[in-house]
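Novice: Have a look at this one before I ask anything.
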Amino acid sequence: MSSYVLGFQEIDQTKLALVGGKGANLGELSRIEGIQVPQGFCVTTEAYKEIVGKNAELHSLLDQLSLLKADNREGISEISAKIRKLIEGIAVPQGIDNEITRHLEQLGENNAYAVRSSATAEDLPTASFAGQQDTYLNIIGKDAIVQHISKCWASLFTDRAVTYRIQNGFDHRKVHLSVVIQKMVFPEAAGILFTADPITSNRKVTSIDASFGLGEALVSGLVNADNYKVRDGRIVDKKISTKKLAIYALKDGGTEEKRIEAERQNMQTLTDEQIVQLERMGRRIEAYFGCPQDIEWCQASDTFSIVQSRPITTLYPIPDEQDGKNHVYMSFGHQQMMTDAMKPLGLSFFQLGLEEIPLIQVGGRLYIDLAPDLASPIGRRIVLFSMDKIDPLVHSALKSLLKRKAFMKALSRGKRSFRMGAGYFSWALPVQAIKIYRSNDASIVQTLMSRNEASMRDLQLRIANLSGDELFAFILEAHKQLKEAMVDPRSMGVVYVGVYAANWMNKKMEKWLGEKGAADSLSQSVANNVTSEMGLALLDVADIVRQYPAVMEYLQHANDETFFADLARLEGGDAVSHSLRAYLEKYAMRCAGEIDITRPRWSEQPTALVPTILSTIKNFEPGAHKALFEQGLQEAEQKEQDLLNCLERLPGGKHKAKKTKKMMSRLRNFIGYREYPKYLMVWHYWIIKQALLSEAVKLVQKGVIQEKEDIYYLSFEELREVVRTNRLDDSIITKRKEEYEVYEKLTPPRVMTSEGEVLFGEYDTGTIPKGALAGIPVSSGIIEGRARVILSMEDADTEEGDILVTTYTDPSWTPVFLSIKGLVTEVGGMMTHGAVIAREYGLPAVVGAENATKLIKDGQSIRVNGTEGYVEILQDGVIMKREP
């Protein structure tokens with residue numbers, strides 16, 4: 001068997017490195033009974049390596065290319081063009097040429113062939129590089145075929161292919177190219193079949209695009225194709241397009257565009273029988289590969305041929321349910337302000353405290369199966385009521401789903417998630433909330449905080465000398481105690497009274513005075529808000545840093561591993577270290593995505609705070625902590641007096657003012673505590689994490705794992721077993737790391753069904769300006785400014801007056817809020833952390849604005865209306881139309 005050329009019959013998935021994704025899939029397709037695949041062979045990657053392997057000029061150009069970033073279009077274009085020209089000019093060695101000739105003679109040298117690129121980073125289960133390299137159709141004659149093989153090799157370095165590899169982290173030297181030589185089919189019709197609907201992601205619905213002639217017209221966007229939707233052998237939807245052009249093969253080679261006769265332009269490309277037949281073929285191919293497929297097909301003389309099949313890599317995974325019932329999955333992460341993928345230890349550890357809620361791990365995130373709740377009349381009402389307050393987009397999506405009677409009738413039944421007695425829904429809660437409401441005694445907050453902080457210090461002492469199985473048993477018991485503290489009826493009662501007071505204030509002030517969002521101003525500079533205090537406290541650190549130029553210069557390139565040691569060598573370093581260590585003593589456990597125990601905490605990664613410290617120095621004068629707090633307090637007091645004065649002038653005003661004053665007191669006494677339970681939770685996580693990492697160090701020393709962070713790819717119980725046995729299959733860690741890389745790139749849907757269908761909700765946009773981006777108003781006011789689209793806190797270089805636009809914010813983002821004037825997030829609700837802190841800092845904010853980070857460009861002028869809940873894109877004060 002030649003290493004340079006392999007026939008399809010010699011190829012399967014084990015030959016992926018030799019023939020690339022497209023070639024491997026064609027070899028597998030050729031093995032499926034009842035599926036016709038045009039004959040062909042692959043010129044392997046060994047041939048490509050032979051061509052380019054020893055070319056010094058090429059390697060010099062690759063060195064230059066490896067230094068470029070994806071946004072350097074000019075540099076990519078210039079170097080890529082040189083590489084393509086160089087590769088096309090290299091003569092094909094005689095040995096390779098002879099092998100190509102032999103295979104062509106077996107298939108018929110005078111036949112027409114498709115010459116197609118097949119890269120080793122293409123059509124993979126984890127990444128689809130489809131369309132990045134070139135394809136040539138209807139190539140006739142051995143010399144022409146060899147010439148086009150060189151063109152395919154060169155197309156590994158088209159601008160789009162190079163940019164795509166840079167964006168996806170693929171090394172140019174490690175991606176090789178095979179070339180597929182396949183007998184041409186001259187079809188009457190061709191197209192693409194998706195075994196999962198590419199629009200809704202529904203795995204039960206096949207979507208077929210079809211047009212006359214070669215499929216290139218469809219792929220290139222030259223024509224609008226027919227589209228047919230098929231489910232279980234039944235056509236459920238048809239869209240017949242006007243097809244004015246088609247691409248056909250020329251007799252002597254090449255292709256041409258032809259105008260379709262007028263009487264055929266609106267004809268259905270395939271008959272209904274052919275559509276159903278094609279769906280059956282698609283399902284057979286999907287079953288063979290074991291995942292949804294994107295299939296290229298062509299039809300000639302009433303026979304379908306398959307010329308390619310690749311995995312659909314954009315679908316969000318779904319649980320493997322075997323009960324035959326319908327399920328509805330809601331993202332738990334959207335409610336927790338954490339939509340990033342989590343590692344296995346993070347997922348399993350977070351679930352330890354939530355056994356009563358049946359959470360499911362899907363795509364590195366947590367989901368709740370709402371089917372039992374939606375199947376119950378009571379559960380349905382509770383879910384809709386809750387989601388209307390928490391996430392209107394989920395509420396809207398579920399309301400639409402409820403109209404599908406057949407789907408609802410087949411819902412799975414079982415243990416409900418939304419019920420009294422589960423988690424935070426304790427029967428004792430209303431009793432405690434009423435007591436706290438009536439007494440309005442702010443001292444309960446300090447009592448709760450002092451008790452919990454003493455508990456955390458005790459935990460640190462007790463866990464210090466534990467190891468092995470004794471440690472894991474202790475962690476489980478400590479987690480039960482944390483859960484009791486988190487759902488303590490008095491603690492939750494304080495939160496509920498604060499939230500109730502805010503809701504009452506907003507409702508009554510709008511009704512009596514026509515003023516929206518009154519509670520927002522009244523929430524500024526409240527007591528006992530551990531998150532807002534964290535942001536203000538960083539201003540004190542910045543005041544120390546600003547005094548020492550050497551420290552400020554070092555922070556531009558600081559290193560986490562040697563951070564404090566480096567500071568100690570600088571003038572002022574000791575003072576800065578003392579200040580920062582004091583800050584971290586209280587906030588060491590915080591970080592972005594902090595519900596994931598595997599995320600690096602600020603004490604592990606102090607450089608995460610550097611951009612915010614430097615921005616603060618740039619945007620604020622010394623002493624800003626006290627000034628900002630006093631300013632917020634004065635604004636809140638002035639707002640309180642203004643509202644009371646206005647109320648007293650109304651009919652029955654004295655009674656309304658008296659009742660409102662009491663509610664204002666409850667609001668300011670209790671609303672700040674809303675942030676404390678999560679602070680307690682992440683503090684607990686940090687103590688546990690340090691103990692687990694100590695065990696990980698021992699596992700490294702024993703050679704059980706390669707590095708201590710490998711434990712992040714094990715569940716809590718798996719880690720316990722590894723510590724007990726000192727044994728672990730290395731392939732588990734490797735596999736989990738690969739899965740996590742895939743999950744990181746996925747966008748989790750808010751709601752999806754067990755069929756894979758992603759359900760989208762809508763806002764009521766009747767009251768917002770045309771073209772504006774709708775969201776949830778969470779902090780009142782209107783502000784205009786420069787949009788800073790920032791996806792990571794570590795990149796948060798902001799200037800005063802900027803408006804932060806990001807996916808989500810959690811408490812770790814709070815220091816960034818100091819130097820911005822408005823907030824827009826894709827995820828969030830009225831009582832999520834970003835909303836709470838925006839109100840306390842007096843920032844107009846809109847959350848839940850879907851795709852905001854894509855629709856709003858960094859640097860654009862925008863207007864945020866935090867009172868009505870929308871964002872407008874401006875240019876010189878004029879509203880611009882949003883890009884589709």
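Novice: Quick one: which residues, 5+ away or cross-chain, put their amide H under 5 Å from the amide H of Leu366? H built at 1.01 Å from N.
Specialist: Phe332, Gly333
Novice: Just to check I understand the Karplus step: with θ = phi - 60° and J = 6.51 cos²θ - 1.76 cosθ + 1.60, what whole-Hz values come out for the range 343-351, glycine and proline as x?
Specialist: Those phi angles translate into 7, x, 5, x, 5, 5, 5, 5, 6 Hz.
Novice: Taking 35 Å as R0, compute the FRET efficiency from the Cβ-Cβ separation of Lys702 and His578 and round it to 0.05. List each step's numbers first, then the result.
Specialist: On the way: r = 38 Å, r/R0 = 1.08.
E between Lys702 and His578, to the nearest 0.05, is 0.40.
Novice: So what's the back-of-envelope 222 nm ellipticity for the chain, counting only DSSP H runs of four-plus at -39500 (n - 2.57) apiece and dividing by all residues, rounded to 500?
Specialist: -14000 deg cm²/dmol
Novice: A further question on this structure: Can you work out D for the range 729-802 in µm² s⁻¹ from Stokes-Einstein, where Rh is the Kirkwood radius over C-alpha pairs, the temperature is 4 °C and the viscosity is 1.567 mPa s? Intermediate results must be reported in sequence, preceding the final value.
Specialist: Numbers: Rh = 17.5 Å.
Answer from the Stokes-Einstein relation: 74 µm²/s.
Novice: Moving on. Highest first, please rank the peptides 667-676, 789-798 by the mean number of other Cβ atoms sitting within 10 Å of their residues.
Specialist: Taking the mean over residues of other Cβ atoms within 10 Å, the ranking is 667-676, 789-798.
Novice: Additional query: Run the Debye formula on the Cα coordinates of the range 694-741, all scatterers equal and no solvent, and tell me log10 I(q)/I(0) at q = 0.28 1/Å.
Specialist: Listed by q, the Debye log ratios stand at -1.12.
Novice: Something else: Which log10 I(q)/I(0) values does the range 223-265 give at q = 0.30, 0.31 Å⁻¹ under the Debye formula, counting every alpha carbon as one identical point scatterer?
Specialist: -0.99, -1.01
Novice: Could you tell me the largest-minus-smallest coordinate of the C-alpha atoms of the range 128-260 on each of the three principal axes, in descending order and whole angstroms?
Specialist: Taking max minus min along each principal axis of the Cα atoms, the range 128-260 gives 46, 42, 22 Å.
Novice: Using a simple spin-label model with points 7 Å from Cα along the Cα→Cβ vector, what separation in nm is obtained for Trp504 and Asp323?
Specialist: 4.1 nm
Novice: Eigenvalues of the Cα gyration tensor times 5, then square-rooted: what semi-axes does that give for the range 196-324, in whole angstrom, largest first?
Specialist: Details: eigenvalues 165, 51, 36 Å².
The answer is 29, 16, 13 Å, longest axis first.
Novice: Provide Rg and Dmax in Å for the range 635-678, with only Cα atoms included in the calculation.
Specialist: Values for the range 635-678 (Cα only, Rg and Dmax): 12.9, 43 Å.
Novice: Rounded to two decimals, what is the ratio between the C-alpha radius of gyration of the range 671-712 and 2.2 N^0.38 Å?
Specialist: 1.65
Novice: Net charge near Gln167, counting Lys/Arg +1 and Asp/Glu -1 over other residues with Cβ under 11 Å of its Cβ?
Specialist: Combined, the nearby Lys, Arg, Asp and Glu give +3.
Novice: OK, next. What does the convex hull of the Cα atoms of the chain come to per residue, in Å³, rounded to a whole number?
Specialist: 207 Å³
Novice: Using alpha-carbon pairs under 8 Å, 6+ residues apart, how would you state the relative contact order of the range 288-390 in percent? The partial results should precede the final answer.
Specialist: Values: 100 pairs, mean separation 22.5, N = 103.
Result for the range 288-390 is 22 percent.
Novice: Inverting the mean 1/r over all pairs of different Cα atoms, compute the Kirkwood radius of the range 477-560 and quote it in Å.
Specialist: 17.1 Å
Novice: Let me ask something else. Between Lys770 and Ser603, what is the label-to-label distance in nm when each label sits 7 Å out along the Cα-to-Cβ direction?
Specialist: In this crude label model, Lys770 to Ser603 measures out at 5.7 nm.
Novice: Give the Rg/Rh ratio for the range 131-177, taking Rg as the radius of gyration of the Cα atoms and Rh as the Kirkwood radius, to two decimals.
Specialist: 1.07
Novice: If you plug each phi of the range 315-321 into the Karplus form 6.51 cos²θ - 1.76 cosθ + 1.60 with θ = phi - 60°, what whole-Hz ³J(HN,Hα) values come out, in order, with x for Gly and Pro?
Specialist: So the Karplus estimates, Gly and Pro as x, are 6, 7, x, 10, x, 8, 7 Hz.
Novice: Determine Rg/Rh for the range 44-197; Rg is computed over alpha-carbon atoms and Rh is the Kirkwood hydrodynamic estimate from the same atoms.
Specialist: Checking Rg against Rh, the ratio lands at 0.99.
Novice: Checking the cross-link filter: which lysines have an alpha carbon closer than 20 Å to that of Lys243, excluding same-chain neighbours under 8 positions apart?
Specialist: Cross-link targets: Lys229, Lys258.
Novice: For the range 529-612, what is the relative contact order in percent, using Cα pairs closer than 8 Å and at least 6 residues apart in sequence? Intermediate results must be reported in sequence, preceding the final value.
Specialist: Numbers: 64 pairs, mean separation 23.8, N = 84.
About 28 percent, as a whole number.
Novice: Please sort 395-401, 773-779 by packing, taking for each peptide the average over its residues of neighbouring beta carbons within 10 angstrom, highest first.
Specialist: Order by mean packing, descending: 773-779, 395-401.
Novice: Among the lysines, which have Cα under 28 Å from the Cα of Lys480 when same-chain residues fewer than 8 positions away are ignored?
Specialist: The reachable lysines, counting only those whose Cα sits under 28 Å from Lys480, are Lys343, Lys415, Lys435, Lys586, Lys678, Lys689, Lys698, Lys708.
Novice: Using the Kirkwood radius built from alpha carbon pairs, what does the Stokes-Einstein equation give as D for the range 626-699 at 4 °C and 1.567 mPa s, in µm² per second?
Specialist: It comes out at roughly 80 µm²/s.
Novice: Would you please put 337-343, 542-548 in order of how densely packed they are, using the mean number of other Cβ atoms within 10 angstrom per residue and starting with the highest?
Specialist: Ranking the peptides 337-343, 542-548 by packing returns 337-343, 542-548.
Novice: Can you give me the % of accessible surface on the chain that is carbon or sulfur? Probe 1.4 Å, all protein chains present, nothing else counted.
Specialist: 49 percent
Novice: How large is the accessible surface per residue of the chain, computed with a 1.4 Å probe and reported in Å² as a whole number?
Specialist: 44 Å²
Novice: Here is a follow-up. What list of ³J(HN,Hα) values in whole Hz, one per residue of the range 94-102 in order, does the Karplus curve 6.51 cos²θ - 1.76 cosθ + 1.60 (θ = phi - 60°) give from phi, with Gly and Pro shown as x?
Specialist: Each residue's phi maps through the Karplus curve to give 4, x, 5, 4, 5, 5, 4, 4, 4 Hz.
Novice: With every atom except the alpha carbons ignored, what do you get for Rg and Dmax of the range 321-456, in angstroms?
Specialist: 18.0, 55
Novice: Still on this structure, please answer the following. If I model a spin label at Glu571 and Glu800 as a point 7 Å from the Cα along the Cα→Cβ vector, what separation in nanometres do I get?
Specialist: 2.8 nm
Novice: Let me have the relative contact order for the chain, percent, based on Cα pairs under 8 Å that are six or more residues apart.
Specialist: Normalised by residue count, the contact order of the chain is 11 percent.
Novice: Just to verify a number: FRET efficiency for Asp469 and Glu738, C-beta to C-beta distance, R0 = 35 Å, to 0.05?
Specialist: With a Förster radius of 35 Å, E is 0.70.
Novice: Could I ask something else about it? Estimate the FRET efficiency between Ala262 and Arg284 by the formula 1/(1 + (r/R0)^6), using the beta-carbon distance for r and 30 Å for R0, to the nearest 0.05.
Specialist: Result of the calculation: an efficiency of 0.20.
Novice: Taking the C-alpha atoms of the range 779-868, how large are the radius of gyration and the largest Cα-Cα span, Dmax, in Å?
Specialist: According to the Cα coordinates of the range 779-868, Rg and Dmax are 11.1, 31 Å.
Novice: With all distinct Cα pairs included, what does the Kirkwood hydrodynamic radius of the range 312-380 come out to in Å, to one decimal, could you say?
Specialist: Result for the range 312-380 stands at 13.3 Å.
Novice: In whole angstrom, and with the biggest value first, how far do the Cα coordinates of the range 1-90 range along each principal axis?
Specialist: Cα spread of the range 1-90 along its principal axes, largest to smallest: 49, 29, 21 Å.
Novice: Hey, which lysines would be in cross-link range of Lys22, C-alpha to C-alpha under 24 Å, not counting anything within fewer than 8 residues on its own chain?
Specialist: Leaving aside lysines fewer than 8 places away in the same chain, those within reach of Lys22 are Lys49, Lys142, Lys151, Lys174, Lys183, Lys735, Lys745.
Novice: Can I ask one more? What is the extension gain from Ser443 to Glu273, computed as 0.36 nm multiplied by their sequence separation minus the C-alpha to C-alpha distance, in nm to one decimal?
Specialist: 53.6 nm
The values are calculated or read from the model by the stated rules, or taken from the named source; none is laboratory data. Everything quoted here is computed from the prediction, not taken from an experiment. Ideal geometry is used to build each Cβ from the backbone, glycine not excepted, and the neighbour counts take in all protein chains shown. Note: accessible area is taken over every heavy atom of the protein model, side chains too, but ligands, DNA and RNA are not part of it. Shrake-Rupley method; radii C 1.70, N 1.55, O 1.52, S 1.80 Å.
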